[in-house]
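Readers should treat all values here as calculations from the given coordinates under stated rules, not as data from a laboratory. Nothing here was measured: the structure is a model prediction, and the numbers come from that model. Don't worry about glycine lacking a Cβ; one is built from the backbone with ideal geometry, like all the others, and counts go over all protein chains shown.
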């Protein structure tokens, strides 16, 4: 892993460099209500295949920014380009399609379907994306690929694969959520506090496995964490408070 940690600087891609996979320009967003939280960012980018750690205090808007980047939310002003598509110019259905096609997401609460088995939870994105299903089946069956990812992330599939998500420990749920996000080699992996349930030793090991899979697939990783000691594991660290124009409560 790259032990060099750089700051965000001007947030502008260097001249002559490849186009970023995500480019944010002059974005303004406010949750409804007179005292609704607002997020204002003039410029922010993420390079292709980059491993980026996003840090900042609670309430600064890290999760809101992640939701904007993957099209769950849309800005009131400004543009967010993902893979050269301006998310603000496409409708909600098209944003949903783009999200499942191009993004793997590890939610803070994992968002596994409790009544589905481990294997069915991992395979779920392939029901909505032909591209990811095709990628997942290039070397073997999609079921075999799901087993491979689960085992790669430290789960004994013979014991757990048919168990429902509701019967898993928190650490097991975390790994299932990661396998679900990685299956089908999405271009972008977004992870919201994915190591919060792990101790320091298991955090490092989990990130090593996650990054290994992401690197082999050429996947860009954007991770939110309160734990700045994870910084040496990433190519770049961005403190959200450094790129905000203003946040209001």
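At a glance:
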read-out: Residue exposure sequence - 50, 233, 145 - by fewest surrounding Cβ within 10 Å; value: 50, 233, 145
read-out: Taking 101, 213 and counting other C-beta atoms within 10 Å, the order from fewest to most; value: 101, 213
read-out: Pairwise label distance in nanometres, residue 30 with residue 85, each label 7 Å out on the Cα-Cβ vector; value: 3.0 nm
read-out: Taking the chain and dividing mean pair separation by its residue count, relative contact order in percent (alpha carbons under 8 Å, at least six apart); value: 33 percent
read-out: The stretch 183-249: relative contact order as a whole-number percent, Cα under 8 Å and 6+ apart; value: 43 percent
read-out: Cα gyration tensor shape for the stretch 186-240, rounded if a/c is under 1.5, else prolate or oblate; value: oblate
read-out: Spacing of the two label points (7 Å from each Cα toward its C-beta) at residue 137 and residue 152, in nm; value: 1.9 nm
read-out: Cα gyration tensor shape for the chain, rounded if a/c is under 1.5, else prolate or oblate; value: prolate
read-out: Order of 82, 161, 176 under a 10 Å beta carbon neighbour criterion, fewest first; value: 161, 82, 176
read-out: FRET efficiency for residue 127 and residue 107, using Cβ-Cβ distance with R0 set to 25 Å, rounded to 0.05; value: 0.90
read-out: Length-normalised contact order of the stretch 57-116 in % [C-alpha pairs under 8 Å, at least 6 apart]; value: 23 percent
read-out: Highest-fluctuation residue, 182, 149, 116 considered, GNM on the chain with Cα pairs under 10 Å; value: 116
